[in-house]
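Step one of this worksheet: look at the structure below.
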Amino acid sequence: MADELEKGDHVTWQSHGSTAEGTVERKITSDTEASGRTVRASKDEPQYEVKSEKSGRTAVHKPSALDKD
């Protein structure tokens, strides 16, 4: 689990039964639109937008879903 991530950190996560990897684009600390959906986040419960190395697409994940390399 990643406790505190910063932009540019390399991370991995589980995606459709396999491991995906990419880079943290930003930390989200308030409700916003990201990666094509509404993201519910706060300073106490942030989420992170990550860019996949394989597809080039972005996704939003909770810190508990990300492993920092």
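A few comments on the model shown:
- Each residue in region 25-69 was checked for being touching a residue at least 60 places away in the same chain (Cβ under 8 Å), of a type in the set (Ser, Thr, Tyr) and assigned to a loop (DSSP other than H, G, I, E, B), and 0 of them qualify.
- Applying the criterion of being part of a loop (DSSP other than H, G, I, E, B) and of a type in the set (Gly, Ala, Ser) to the residues of region 1-24, the residue that is farthest from residue 63 (Cα to Cα) is 17.
- Verdict on residue 29 being in contact with a Lys or Arg (Cβ under 8 Å, 6 or more places away or on another chain), hydroxyl-bearing (Ser, Thr, Tyr) and on the phi < 0 side of the Ramachandran plot: yes
Coordinate-derived values only; no laboratory data. Bear in mind the structure is a predicted one, so any value in this text is a computation, not a measurement. Every residue, glycine among them, receives a Cβ derived from its backbone with ideal geometry; neighbour counts consider all protein chains shown.
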